[in-house]
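All remarks here apply to the structure that follows.
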Amino acid sequence: MSTSKLNRRELIQRTLLGTTAISAWQANIIGQATTMQSNATSCILLWMGGAPSQLDTWDPKPGTGNAGAAQATPTALTGVQISDRLPETAKAMKDVCLLRGMHGPEGSHPRASYWAQTGYLPSASIKHPTIGSHVSHHIGNPNADLPSFVRVGAGRNLTGAGLLGVDHDPFKIGNPNQKPANTQIPTTKPRFTRRLSLLEQLEQDSSRTGADHWTNANRKVYGKATRMITSPLMEAFDLEQENVASRESYGEGNFAAGCLMARRLIESGVTFVEVTSGNWDTHFDNYERTTDLCKQVDRPYARLLEDLKDRGMLDTTLVIWMGEFGRTPRINARGGRDHFPRAYSIALAGCGVSGGQVIGRTSESGEEILEGKNSVPNLLTTIYDKLGIDAFHENMSSVGRPIRVVENGALIEDV
């Protein structure tokens, strides 16, 4: 059997049985198996920054006055159509649970992004953690070589760990086609080791003067960084290690590379990977711009689901496709669509999600939710439930106030 089809458990089992025909990178994964998260669930968030138009992606309205030039295509689900500019995604719909009844209270990008990522509105006194930080905190492995939370790609209005502290902030990769900056040892390994020993001696002197807190914090940061950059698992960030056919199957562009990197990172034990796609803020030339954006995300998204499934990883990996809100069904005078939090769509797949269904329905105009109305707190509660995280868990804020992971959320039925 081809090693490209082996998931983590199979690699470990087959090695114990004496299988030796595996790549060096897979051998490194096996060697680091004990540092991978114990419950084996993980998550990939595909963040569509700027708010994608639901009428040009998941909830088209062909033949209506609000459709404009947008058309629809049949999918693998009988009777379900999505945008004709998502042909590869249409083939993958049996693995997708599509929520067409999402709504929110905010139409401002910063506030709505904060709401979508945390389940709370912004506060001057409390910085709420983003989804990836909660996942890192609850099911990430603090002793793993690689960070529990990796964010791939540039983006605006993205939040961090907040009250959970820097341990759960994302490790950021600006360009997935390049190796992470400052992760190469600048000298020989023996000399690097001697430098670390010297640093430890200096820190011991510092701790004697009452600076224990800062010294320990510095040791912790340097220790994690050293463990990461000297780990063989760093190869997961190097897409050149992937065979050409695999790279080409994801398509071209940074988003495609980010999706491939996400699969490699999850395979290497990272718990949460966020891949960003920007510029969905289509106030003008909506049709032309969404056509280009759909082309960027369609093939990589469908291929990511297929690749995870082929490797036996989709059962334990939750894949989320979402933005901060939707866009107006009515097209404005500049051929664009404006902000519209009243009705929009998101998609879930994997990790126990019941795929092959649509939950929620909007009116013919797309302006009202007729069935399956759901809020962000409900969505986040459902996401955390699939990952085995208690959404009612309380963290203590810096002002001494207990803050739930999600406030006022309920599970979305049938997901």
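Here, each number is a calculation from the coordinates, and none is a lab measurement. Values in this document were obtained by computation on a predicted structure and should not be read as measured data. Note that each Cβ is placed from the backbone with ideal geometry, even for glycine, and that neighbours are counted across all protein chains shown.
Normalised size of the stretch 327-415, defined as Cα radius of gyration per 2.2 N^0.38 Å with N residues, equals 1.39.
For K91, give me every one of the aspartates and glutamates with a C-alpha distance below 20 angstrom, ignoring sequence neighbours fewer than eight places off in its own chain. Answer for K91, where 20 Å is the Cα cut-off: D56, D59, E248, E252, D292, D298, E306, D307, D310, D315, listed by chain and number. Bridgeable aspartates and glutamates around K220 (alpha carbons under 15 Å apart, same-chain partners fewer than 8 residues away excluded): D145, D167, D169, E200, E203, D212.
In order along the stretch 345-356, the Karplus-derived 3J(HN,Hα) couplings, from 6.51 cos²θ - 1.76 cosθ + 1.60 at θ = phi - 60°, round to 10, 9, 10, 10, 7, x, 6, x, 5, 7, x, x Hz, and Gly and Pro are given as x. Exposed loop positions in the chain were taken to be chymotrypsin sites (Phe, Trp or Tyr not before Pro) whose DSSP state is not H, G, I, E or B and which have at most 15 other beta-carbon atoms within 10 angstrom. Between these positions, the longest stretch is 1-283. Cross-link pairs exceeding 23 Å between alpha carbons, from the set K127/K172; K172/K373; K179/K295; K189/K224; K61/K295; K309/K386: K172/K373; K179/K295.
Entry note: the stretch 262-339 has Rg to Rh equal to 1.10, where both radii use alpha-carbon atoms and Rh is the Kirkwood radius.
Applying the Karplus relation 6.51 cos²θ - 1.76 cosθ + 1.60 with θ = phi - 60° to the stretch 387-401 yields 3J(HN,Hα) values of 8, x, 10, 7, 5, 9, 4, 10, 10, 8, 7, 5, 9, x, 10 Hz, where x marks Gly and Pro.
Counting other C-beta atoms within 10 Å, and keeping those with at most 14, which DSSP coil trypsin sites (Lys or Arg not before Pro) do you find in the stretch 294-401? Answer by residue number: R334. Ordering S53, H128, Q184 by the projection of their Cα atoms onto the charge dipole of the chain, which places +1 on the Cβ of Lys and Arg and -1 on the Cβ of Asp and Glu, puts Q184 at the extreme positive end. Entry note, the chain: the mean residue ellipticity at 222 nm calculated from DSSP H runs of n ≥ 4, each adding -39500 (n - 2.57), is -10000 deg cm²/dmol after division by the residues and rounding to the nearest 500. Ordering T271, A161, Y222 by the projection of their Cα atoms onto the charge dipole of the chain, which places +1 on the Cβ of Lys and Arg and -1 on the Cβ of Asp and Glu, puts Y222 at the extreme positive end. Computed from point charges on the beta carbon alone (+1 for Lys and Arg, -1 for Asp and Glu), the dipole magnitude for the chain about its Cα centre is near 800 Debye.
For G356, the residues whose modelled amide H falls within less than 5 Å of its own, excluding neighbours fewer than 5 places apart on the same chain, are D95, V96, C97. For the stretch 291-297, putting each phi into the Karplus relation 6.51 cos²θ - 1.76 cosθ + 1.60 with θ = phi - 60° gives couplings of 4, 5, 5, 4, 4, 5, 9 Hz, in residue order, rounded to whole numbers and with x for Gly and Pro. Simple rule: put +1 on each Lys or Arg Cβ and -1 on each Asp or Glu Cβ in the chain, find the dipole, and look at G140, L99, P232; the Cα lying farthest toward the positive end is P232. Amide H to amide H, with H built 1.01 Å from N, I320 comes under 5 Å of I44, L45, L46, counting only residues 5 or more places away or on other chains.
A protection proxy built from the mean count of other Cβ atoms within 10 Å ranks the segments 125-138, 397-410, most packed first, as 125-138, 397-410. Placing unit charges on the Cβ atoms only, positive for Lys and Arg and negative for Asp and Glu, gives the stretch 329-415 a dipole magnitude near 360 debye about its Cα centre. Neighbours of H137, meaning other residues whose beta-carbon lies under 12 angstrom from its beta-carbon, give a summed charge of -3 when Lys and Arg score +1 and Asp and Glu score -1. All other residues whose Cβ lies under 14 angstrom from that of L318 are scored, Lys and Arg at +1 and Asp and Glu at -1, for a net of -1.
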